[in-house]
Amino acid sequence: MEKLIIKRNSLSDEIINYIQAQILEGKINPGQMLPAEKEMCDLFSVGRSTVREAIKALVMVGLLEKKRDGTYVKAQFDFVFRSPVDNKIILKQVNRRDLLEARRILEVQLVGLSARRATPEELRSMGEHIELMGKKINEEKFQEYIIDDVNFHLTIARSAHNDVLTNQIMTIRELMIDFQAGLLDLPVIPKCHNFHCLIFEAIRKGDAFAAQEQMLAHLEDVENILEETNIPKAF
């Protein structure tokens with residue numbers, strides 16, 4: 001990596017854009033380890049907190065991954081190279097309403113495509129997530145349930161076989177996990193699981209209309225429950 005002179009008013013964005021450009025230009029390859037944190041601070045003439053913020057954002061969206069010996073570009077990644085405006089979604093707080101609106105727009109369309117396009121292997125994967133979620137509920141392992149919940153939604157997205165739409169969901173996956181964590185104190189998880197079962201059954205039958213109807217009902221139900229509580233609107 002070459003020394004970079006950057007503007008002081010958008011340090012994290014500039015580092016993010018620089019790393020993305022290095023990968024696009026083939027100067028940093030998939031699977032390659034990035035320089036150590038101190039070296040990156042020297043390269044960019046910034047403090048550790050700025051480097052960490054940029055790296056955290058790129059880890060969150062699935063471009064980089066942290067290992068014991070350092071930070072690597074993922075060998076395979078689901079990622080859309082994005083603008084500074086998009087980076088702000090990752091680096092700053094997100095309004096709950098905005099996230100739910102985005103999910104309604106994206107996931108209702110994706111689930112309809114999934115009902116038409118899901119392969120037998122993808123259906124098996126969805127079924128496994130349904131079983132795992134049911135088991136976690138019975139064992140009251142709700143923190144672990146959240147991961148299976150989000151993975152279920154991501155499996156639906158992938159089975160739509162539309163890379164552009166799928167990558168939009170991958171962009172907000174960490175926000176989805178944070179959002180779900182905020183539901184743990186509410187009596188919503190068993191009801192969510194019931195919706196998941198109905199959504200999966202509609203996909204399995206190839207009924208796109210029913211799948212979209214159940215997904216919309218699921219997301220609207222969560223939104224209604226949140227409106228009745230004092231959960232913060234941003235996270």
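The values are calculated or read from the model by the stated rules, or taken from the named source; none is laboratory data. What you see is a predicted model, and the numbers here were worked out from it, not measured in a lab. Heads up, the Cβs are rebuilt from the backbone with ideal geometry, glycines too, and the neighbour counts pull from every protein chain shown.
Within segment 43-53, the set of residues being assigned to a helix (DSSP H, G or I), surrounded by 13 or more Cβ atoms within 10 Å (Cβ to Cβ) and over 25 Å from the mean Cα position of the chain (by Cα) comprises Leu43, Phe44. Exactly one residue out of Ile137, Ile147, Ile130 is within 19 Å of Phe195 (Cβ to Cβ), touching a Pro at 6+ places or on another chain (Cβ under 8 Å) and assigned to a helix (DSSP H, G or I), and it is Ile137.
Which residue, of Arg116, Arg96, is surrounded by 16 or more Cβ atoms within 10 Å (Cβ to Cβ) and over 14 Å from His153 (Cα atoms)? Walk me through how you get there before you give the answer.
On the way: Arg116 fails: surrounded by 16 or more Cβ atoms within 10 Å (Cβ to Cβ).
Unique residue meeting the criteria: Arg96.
With respect to Val111, is the statement that it is among the β-branched types (Val, Ile, Thr), touching a residue at least 24 places away in the same chain (Cβ under 8 Å), part of a helix (DSSP H, G or I) and closer than 21 Å to Val61 by Cα true?
Numbers: among the β-branched types (Val, Ile, Thr): yes; touching a residue at least 24 places away in the same chain (Cβ under 8 Å): yes; part of a helix (DSSP H, G or I): yes; closer than 21 Å to Val61 by Cα: no.
For Val111, the condition - among the β-branched types (Val, Ile, Thr), touching a residue at least 24 places away in the same chain (Cβ under 8 Å), part of a helix (DSSP H, G or I) and closer than 21 Å to Val61 by Cα - is not met.
Give the residue, chosen from Leu106, Leu132, that is out of contact with any Asp or Glu (no Cβ under 7 Å at 6 or more places or on another chain), modelled with pLDDT of 90 or more and not polar (S, T, N, Q). Selected residue: Leu106, the only one of Leu106, Leu132 that is out of contact with any Asp or Glu (no Cβ under 7 Å at 6 or more places or on another chain), modelled with pLDDT of 90 or more and not polar (S, T, N, Q). If you go through segment 150-177 and keep only what is more than 21 Å from Lys191 (Cβ to Cβ), assigned to a helix (DSSP H, G or I) and at pLDDT below 80, you end up with Met170, Thr171, Arg173, Glu174, Leu175.
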